[in-house]
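Below you'll find the structure, written out as structure tokens, and then a few comments.
The values are calculated or read from the model by the stated rules, or taken from the named source; none is laboratory data. Everything quoted here is computed from the prediction, not taken from an experiment. For neighbour counting, all protein chains shown are included, and Cβ atoms are generated from backbone atoms with ideal geometry for every residue, glycine included.
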Amino acid sequence: MKEIVKTRSANMSEKWDTIDLLRHARHDWLNRLQLIKGNIALDHIDRANMIIDEIVIQARQEAKLSNLGMPTLVEKLLTFNWHNHHYRLEFEVIGDELNLSSFEEGLTLGIKSLFSALDSSVDELFENHLLFTFQLLDEEIRLIIDFNGKITNIESIKSWVKEVENQTRTFSVISSHVQEDEFVVTLQLNDSVA
């Protein structure tokens, strides 16, 4: 059976086979179905419909992400929440789908580095959220990284931003705002890589 590499943290890796991947996906779907069923049983039809709408939106976003030509990065993002992190990852793709395969290596390294910095910097007692927004605009391709929660080691995040600023081949930092309870970093992907 074909094995697929997965990473639990930046420093640990193990093999998952197709059965493991299907088990996690099935578990996620069963949880969603139970939420819908529970809300219907409680006669909360509006809430059940909202959950269904959220599932449809998420599935569309997963499809758009999967069509960007970055299979290694996409696998990392799609399976991220199956691992033990103290923050939840969401993503969205805005604009027409593009082939971003030439950016995959640099983005994957930068994002893995961010995950490592966050894993050692977030307060596990808080509800922490990380959102990646891929903006695929006519003239610009951007990745907006938006974190909300509690950061215990703000210097680690600032250090990551400086590291990213020095990695100019793949992307440039357009703006960054880092505080204890949030940070937003906007990266512009450089045409010279494409």
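To keep it simple, each residue is scored yes or no on (1) more than 23 Å from ASN84 (Cβ to Cβ); (2) in contact with a Lys or Arg (Cβ under 7 Å, 6 or more places away or on another chain).
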| site | (1), (2) |
| --- | --- |
| LEU125 | no, no |
| HIS129 | no, yes |
| GLY149 | no, no |
| ASN166 | yes, no |
| THR170 | yes, no |
| SER175 | yes, no |
| GLN188 | yes, yes |
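Which one is modelled with the lowest pLDDT, of the residues in region 137-173 that are under 17 Å from GLN188 (Cβ atoms) and part of a loop (DSSP other than H, G, I, E, B)?
Step by step, filter region 137-173, then rank; the result is THR168.
For region 99-108, enumerate the residues that are part of a helix (DSSP H, G or I) and exposed (fewer than 15 other Cβ atoms within 10 Å of the Cβ).
Here is the first cut: in region 99-108, the residues part of a helix (DSSP H, G or I) are 101-108.
Across region 99-108, the qualifying residue is only SER101.
Consider only pairs whose beta carbons are under 8 Å apart and that are at least six residues apart or on different chains; among these, list those whose first residue lies in region 150-168 and is polar (S, T, N, Q) and whose second residue is part of a helix (DSSP H, G or I).
Short answer, once both residue conditions are applied: SER156/ALA117; SER159/ALA117; GLN167/GLY106; GLN167/LEU109; GLN167/GLY110.
Which condition from (1) out of contact with any Gly (no Cβ under 9 Å at 6 or more places or on another chain); (2) crowded, with 16+ Cβ neighbours inside 10 Å; (3) not in a helix (DSSP H, G or I) is the one that LEU130 breaks?
(1)
Hey, any hits in region 17-30 for a residue that's in contact with a strand residue (DSSP E or B) (Cβ under 9 Å, 6 or more places away or on another chain), farther than 25 Å from SER116 by Cβ and modelled with pLDDT under 90? Give the derivation first.
So in region 17-30, the residues in contact with a strand residue (DSSP E or B) (Cβ under 9 Å, 6 or more places away or on another chain) come out as 17-18, 20-21, 24.
Retained after the next criterion (residues that are farther than 25 Å from SER116 by Cβ): 17-18.
Now restrict to residues that are modelled with pLDDT under 90: 17-18.
Taking every residue of region 17-30 in turn, at least one turns out to be in contact with a strand residue (DSSP E or B) (Cβ under 9 Å, 6 or more places away or on another chain), farther than 25 Å from SER116 by Cβ and modelled with pLDDT under 90.
Residue by residue through region 42-74, note down the ones that are hydrophobic (A, V, I, L, M, F, W, C), free of Cβ contacts under 8 Å to residues at least 12 places away in the same chain and part of a loop (DSSP other than H, G, I, E, B). Step through it out loud before you land on a result.
Taking region 42-74 first, the residues hydrophobic (A, V, I, L, M, F, W, C) are 42, 45, 48, 50-52, 55-57, 59, 63, 65, 68, 70, 73-74.
With the extra rule that they be free of Cβ contacts under 8 Å to residues at least 12 places away in the same chain, the set shrinks to 42, 45, 50, 56-57, 59, 63, 74.
Matches in region 42-74: LEU42 only.
Just need a number here: residues in region 47-63 that are exposed (fewer than 13 other Cβ atoms within 10 Å of the Cβ) and in contact with a helix residue (DSSP H, G or I) (Cβ under 8 Å, 6 or more places away or on another chain).
Within region 47-63, residues that are exposed (fewer than 13 other Cβ atoms within 10 Å of the Cβ) and in contact with a helix residue (DSSP H, G or I) (Cβ under 8 Å, 6 or more places away or on another chain) number 0.
Among the residues in region 75-84, are any part of a helix (DSSP H, G or I) and farther than 16 Å from ASP28 by Cβ? Even if it seems obvious, please write down each step before you answer.
First, the residues of region 75-84 that are part of a helix (DSSP H, G or I): 75-82.
With farther than 16 Å from ASP28 by Cβ added as a condition, the list becomes 76.
Yes, that holds for at least one residue.
Is region 60-67 home to any residue that is farther than 30 Å from ASP123 by Cβ and more than 16 Å from the chain's Cα centre (by Cα)?
Taking region 60-67 first, the residues farther than 30 Å from ASP123 by Cβ are 60, 63-64, 66-67.
Cutting the leftovers down to more than 16 Å from the chain's Cα centre (by Cα) gives us none.
No; the residues of region 60-67 include none that is farther than 30 Å from ASP123 by Cβ and more than 16 Å from the chain's Cα centre (by Cα).
Do you know which residues across region 146-194 are in contact with a Gly (Cβ under 7 Å, 6 or more places away or on another chain) and under 16 Å from GLN135 (Cα atoms)?
THR170, PHE171
When residues of region 109-127 are filtered for being small (Gly, Ala, Ser) and either under 15 Å from GLU62 (Cα atoms) or part of a helix (DSSP H, G or I) (or both), how many remain? Full working, then the answer.
Residues of region 109-127 that are small (Gly, Ala, Ser), as a first pass: 110, 113, 116-117, 120-121.
Still in the running and either under 15 Å from GLU62 (Cα atoms) or part of a helix (DSSP H, G or I) (or both): 110, 113, 116-117.
Selection size over region 109-127: 4.
Exactly one condition in (1) in contact with a Gly (Cβ under 6 Å, 6 or more places away or on another chain); (2) more than 23 Å from LEU21 (Cβ to Cβ) is false for GLU97; which is it?
(1)
crowded, with 16+ Cβ neighbours inside 10 Å and either closer than 24 Å to ASN81 by Cβ or touching a helix residue (DSSP H, G or I) at 6+ places or on another chain (Cβ under 7 Å) (or both): is that true of ARG142 in this structure?
Details: crowded, with 16+ Cβ neighbours inside 10 Å: yes; either closer than 24 Å to ASN81 by Cβ or touching a helix residue (DSSP H, G or I) at 6+ places or on another chain (Cβ under 7 Å) (or both): yes.
Judged against the criteria, ARG142 is a match.
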